[in-house]
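Chemist: Submitted below is the structure of interest, expressed as structure tokens.
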């Protein structure tokens, strides 16, 4: 408990005290807060990915399944958290942590987060959020304008309209994508004649009513894994998520899209949505959005853009043309907790048409009454925190030109890193960066040359061994804890679409310097140098091909 | 920007600084944080619900749709937030805010939240969360044990098993309920012979394969509004959410449940899940869980308990029998941000069987690989914050007996308030509190007596007028801003199931004193006294019935 007086008992008086505002700067809680801040700052200043301890060992600290029968002092428990949790967490804001989309946060968000936590608003309804509701509507309006560029009168009319919604704030890109496809599905199977719409009668009757054999959503084979979840949840089935081929640059191939749509229609399966990806998770690629939009218009199907990660590029006047065509989308997903540098839990989906979400609108007796401005009548989630205020604050404190600088430097840093990789004898760039994400792998110089002359079988054997090597380097580097790159599996066209494991880096952290990137390659090279038997086997194949 | 030097430009050096740990206790950011803490504390100490300003006026402060082109100083923006946002937010932790389930938070969560925000872990995978993953699994284990009471060997075997899951952490009760029904739906329509399961082939083919005419979920007519959303999203359709009658105590009527199930089966509609509510949102009622469990076992359908709000009662050895039968559920929803006093965004769903979630398991190439312990392979959401650590910390600092005291006092306070209401000449208790939620209304003494003698038409007329009066009192009280009760619409059996608007209070805040409750009644009485024409009309009907 807060009181530091030793007592084995729980009593109601001391419980009441934990709900009472602590008085003054000398209170125990203030002291704990200060020491915690110092400790966290120290943790965040150390350039390590995490203190290394095998997961199985960490699990021992979290193995008790019974809720404690004895209270702990806040100070004791804070120490316990620092030792068992903080020391073994991942330093996602380290400049050498370049493996995932979770990056550094601006420090001003720490004090401002306090407002969100302390006020504990619930955005589902005005009665528990008041000013937070118009604030969230404004943030959605700002993102809508960033994408669609409508003029002032549009936003004056719709932004705060109780009957309309420019989008929905949610916990992340997955819920945003589900929301977009939910809206698209319901609009595709809406009420007609005596049929009351899929939202009322369900998918089985809807498909019978419309006389289809099934539904489909199309997305490039590089689409995010969460879309399979979405197809499953929404009753479409994972088979209904139809993968479209990609070209040698990992972009959706529009010819294949047209063929797949035609084939589905021939089977009387309704393709009700096509998803363009603006920044794929694995290669950072942007699909040809304007061309997809054309096809969707012709086919009268919903065009959704998954810009969860890449959407922030719109902040850059210089690079926003990379996402050209996004303004033609019916809906767009953007995660502010990715390249807008907001803490975890700030997803958004925006709809071009303020009427689109009517197909998922819902009401209740005690909240979300018709005509109310309660945000909850258009969200998949119910109770939600006031995360939107952190997006709002960052938009004001960093401003669009500030975000532009952050975006530009991240894209240009990726170009620098791509060139650096190309200059190495023993690395291979696998996918060029369009935004700030690229993939590459380590290939000993001799193997590189041998691959040019290898036959199919030899290429397959080499790929197998390189895959093992890449995995080994990535794991060892992660476990060493100085830096972190992630890995994934691609099918690069330059090597006959063979399943190839590659390093994947996301260069969003503004503190990641060129030196750090050089060090990461050097570290990977030295880990590879110690990979005895793998190198030996690779060398043997190379010798077969090009001679000793 | 952080630097307080006046500049109209954005430059990269100053941008880098916002990502750099602020040095020492004298930094500008530390000063801002301190002044913010003081200001928030002041706000939280004032006993008002919110500074009153009409929503339409507040919206003017949030009307700009363009992202700013000029950066703001953190200090200036903080002032702006305090003036425009904090001053017009809702004081959900006020002891006189008793209208909703959002209540006060223990103060130790403010400094501890810092750990969560500053470390910005992403719980979707080990690589961005490390120790947070076993911590979250432990929290799920603790809640599982609280509900199901399995023994140590069970938790040693399953809690940290990569192939299993005792549940899922999520943003709130809605996602928890959707997850439970998603699992139930997929298990009911699983692979069989050449059919690959609903998750692969979709709902249409699944229903054809199984030869049903549709699917249904049954829940009492007092079920949470989010279940309609769940039925819609999952493709079952809102019509597939079949309401079961309630008895005079608002509890699900098991006879009607059996009849409804039989009727559905006669139409070849598969009732694949029944939901029991442990603490309805509107009346706080607990359904007869053990009886429902019996019926579900006979019918072989999934038994889900929505204990989003009431589940915390399990912490009380004294009152846990009120939820007897919950241990028979296949799945249970609990929101830690309700009666476990955690900030917004801490929902959970627990599954009795560690294998249950296999039907929604998913994998990807770069994360969630088979055999990994990544939590993301069993969650509907993708990226998620480390909220579980706040539940973990509260479990340790408050401990079970501490939570028991909090739960007991809230239930006993509701009993006190119910008695207080019954003692009044001019108030009527509409639903008895089972947990800490009750409903009531203001009924002038004379009207009370007249109602006993009124005919059907007169009762309807009186109900109409009382509804208007209740609405008027509730709105005026909310706008006055000293206290807040919510309102909803019920169909109390004592007045012929007429649609009746009632006050609804949730007594979770430990600081809500008996005096405050007395004052709330007094305030409502004085607001009523000024409701001129409504009182006049009521009086006129009363005079008709009982004479002057």
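No value in this document is a laboratory result; all are computed from the given coordinates. From a predicted model like this one, the values you see are computed outputs, not experimental measurements. Backbone-built Cβ (ideal geometry, glycine too); neighbour counts: all protein chains shown.
Chemist: Evaluate the relative contact order of segment B:125-384 (contact order divided by residue number), counting alpha-carbon pairs under 8 angstrom at least 6 apart; express in whole percent.
Modeler: RCO, segment B:125-384: 26 percent.
Chemist: Further question: What gaps in nm, shortest first, separate residue B:457 from its twins in the other copies when you place the label 7 Å past Cα toward the beta carbon?
Modeler: When each copy's label point is compared with this one, the spacings are 9.9 nm.
Chemist: Taking the label point 7 Å from Cα in the Cβ direction, how far apart in nm is residue B:522 from each other copy of itself, listed shortest first?
Modeler: Reported distances to equivalent positions: 7.6 nm.
Chemist: How high is the relative contact order of chain B, given as a whole-number percent (alpha carbon pairs under 8 Å, six or more residues apart)?
Modeler: 17
Chemist: Run lengths n ≥ 4 of DSSP H only: what is the helix-derived mean residue ellipticity at 222 nm for the protein assembly as shown, with -39500 (n - 2.57) per run over all residues, to the nearest 500? It would help to have the intermediate numbers written out before the result.
Modeler: Details: 34 runs with 478 residues, N = 1096.
For the protein assembly as shown, the value works out to -14000 deg cm²/dmol.
Chemist: Take each of the peptides A:404-412, B:499-507, A:490-498, A:441-449, average the number of other beta-carbon atoms within 10 Å over its residues, and list them starting from the highest.
Modeler: Numbers: A:404-412: 21.6, B:499-507: 24.0, A:490-498: 15.7, A:441-449: 19.1.
Highest mean packing first, the order is B:499-507, A:404-412, A:441-449, A:490-498.
Chemist: Closest to the A-onto-B rotation axis, which residue of chain A has its Cβ, and how many Å off the axis is it?
Modeler: In residue-and-Å form, the answer is A:235, 1.
Chemist: When a footprinting reagent is the concern and you count Cβ atoms within 10 Å, what order do B:306, B:26 take, fewest first?
Modeler: B:26, B:306
Chemist: Roughly speaking, what is the centre-to-centre gap between segment B:474-538 and segment B:364-383 when only Cα atoms are used, to the nearest Å?
Modeler: That distance is 48 Å.
Chemist: So how do B:465, B:535 line up by other beta-carbon neighbours within 10 Å, fewest first?
Modeler: Arranged by neighbour count, lowest to highest, B:465, B:535 become B:535, B:465.
Chemist: Let me ask you something else. Looking at segment B:125-384, what % of its DSSP beta bridges pair antiparallel, to the nearest 5?
Modeler: The antiparallel fraction comes to roughly 40 percent.
Chemist: Same structure, new question: Between Rg and the Kirkwood Rh of segment B:116-220, both from Cα atoms, what is the Rg to Rh ratio?
Modeler: Taking Rg over the Kirkwood Rh, I get 1.06.
Chemist: In addition: Which whole-number percent gives the relative contact order of segment B:124-172, counting Cα pairs below 8 Å spaced six or more residues apart?
Modeler: Dividing the mean separation by the residue count of segment B:124-172 yields 37 percent.
Chemist: If you take every DSSP beta bridge fully contained in chain A, what fraction is antiparallel? Give it as a percent rounded to 5.
Modeler: Of all bridge pairs located within chain A, approximately 55 percent are antiparallel.
Chemist: Of the DSSP beta bridges with both residues in the protein assembly as shown, give the percent that are antiparallel, rounding to the nearest 5.
Modeler: Values: 50 of 88 bridges.
Of the beta bridges lying entirely in the protein assembly as shown, close to 55 percent run antiparallel.
Chemist: Of all the C-alpha pairs in segment A:349-455, what % are more than 21 Å from each other?
Modeler: Numbers: 3712 of 5671 pairs.
Value for segment A:349-455 (Cα pairs over 21 Å): 65 percent.
Chemist: Convex hull over the alpha-carbon atoms of segment B:463-531: what's its volume per residue in Å³? Please report the intermediate quantities before stating the final value.
Modeler: Details: hull volume 6.7 nm³, N = 69.
It comes to 97 Å³ per residue, whole-number rounded.
Chemist: Decide, for segment B:125-384, between rounded, prolate and oblate: order the square roots of the alpha carbon gyration tensor eigenvalues as a ≥ b ≥ c, take rounded if a/c falls under 1.5, and otherwise choose prolate if a/b is larger than b/c, else oblate. It would help to have the intermediate numbers written out before the result.
Modeler: On the way: a/c = 1.82, a/b = 1.14, b/c = 1.59.
Judged from the Cα gyration tensor, segment B:125-384 comes out oblate (a/c at least 1.5, b/c at or above a/b).
Chemist: Right, next: Shielding by partners for B:482-492, please: the mean number of other protein chain Cβ atoms within 10 Å of each residue's Cβ. Let's see the in-between values first.
Modeler: Values: counts 0, 0, 2, 0, 5, 2, 4, 4, 2, 0, 0.
Whole-number average of other-chain Cβ neighbours for B:482-492 is 2.
Chemist: Please report how far the C-alpha centroid of segment B:190-240 lies from that of segment B:91-156, rounded to the nearest whole angstrom.
Modeler: 31
Chemist: Give me B:76, B:539 ranked fewest to most by other Cβ atoms within 10 Å of their Cβ, as a rough exposure proxy.
Modeler: Values: B:76 12, B:539 16.
If I rank by nearby Cβ atoms, fewest first, I get B:76, B:539.
Chemist: List, shortest first and in nm to one decimal, how far the label point of residue A:494 (7 Å from Cα along Cα→Cβ) is from its counterparts in the other copies.
Modeler: When each copy's label point is compared with this one, the spacings are 8.0 nm.
Chemist: Under the classification rounded if a/c is under 1.5, otherwise prolate if a/b is larger than b/c and oblate if not, where does segment B:28-165 fall, given a ≥ b ≥ c as square roots of the Cα gyration tensor eigenvalues?
Modeler: Prolate shape, in that a/c is at least 1.5 and a/b is the bigger ratio.
Chemist: Per the Cauchy relation, a quarter of the hull surface: what is the mean projected area of the convex hull of the alpha carbons in segment A:182-265, in nm²?
Modeler: Its Cα hull, projected and averaged over all orientations, spans 5.8 nm².
Chemist: Rounded to whole Å and sorted largest first, list the principal axis extents of the Cα atoms in segment B:409-546.
Modeler: Projected onto the principal axes, the Cα atoms of segment B:409-546 cover 45, 30, 23 Å.
Chemist: Per q in 0.05 1/Å, what log10 I(q)/I(0) does a Debye calculation on the alpha-carbon atoms of the protein assembly as shown return?
Modeler: Ignoring solvent entirely, the Cα scatterers give -0.32.
Chemist: Using the alpha-carbon centroid of each, what span in Å lies between segment A:165-184 and segment B:292-327?
Modeler: 32
Chemist: Can you give me the Kirkwood hydrodynamic radius for segment B:266-379, using every pair of distinct Cα atoms, in Å to one decimal? Don't skip to the end; give the middle numbers.
Modeler: Numbers: mean 1/r = 0.0634 Å⁻¹.
One over the average 1/r among Cα pairs gives 15.8 Å for segment B:266-379.
Chemist: Per residue of B:86-97, count partner chain C-beta atoms within 10 Å of its C-beta, then hand back the mean as an integer.
Modeler: Taking all residues of B:86-97 together, the mean is 5.
Chemist: A follow-up question, please. Classify chain B: rounded, prolate or oblate, from the alpha-carbon gyration tensor (a ≥ b ≥ c, eigenvalue square roots; a/c under 1.5 rounded; otherwise prolate if a/b is larger than b/c)? Spell out each step's value before the answer.
Modeler: Working: a/c = 1.85, a/b = 1.08, b/c = 1.72.
Since a/c reaches 1.5 but b/c is at least a/b, the shape of chain B is classed as oblate.
Chemist: Additional query: Partner chain Cβ atoms within 10 Å, averaged over the residues of A:223-232 - can you pull that number for me? Write out the running numbers ahead of the final one.
Modeler: Working: counts 0, 2, 10, 8, 0, 5, 9, 2, 3, 14.
The per-residue average across the peptide is 5.
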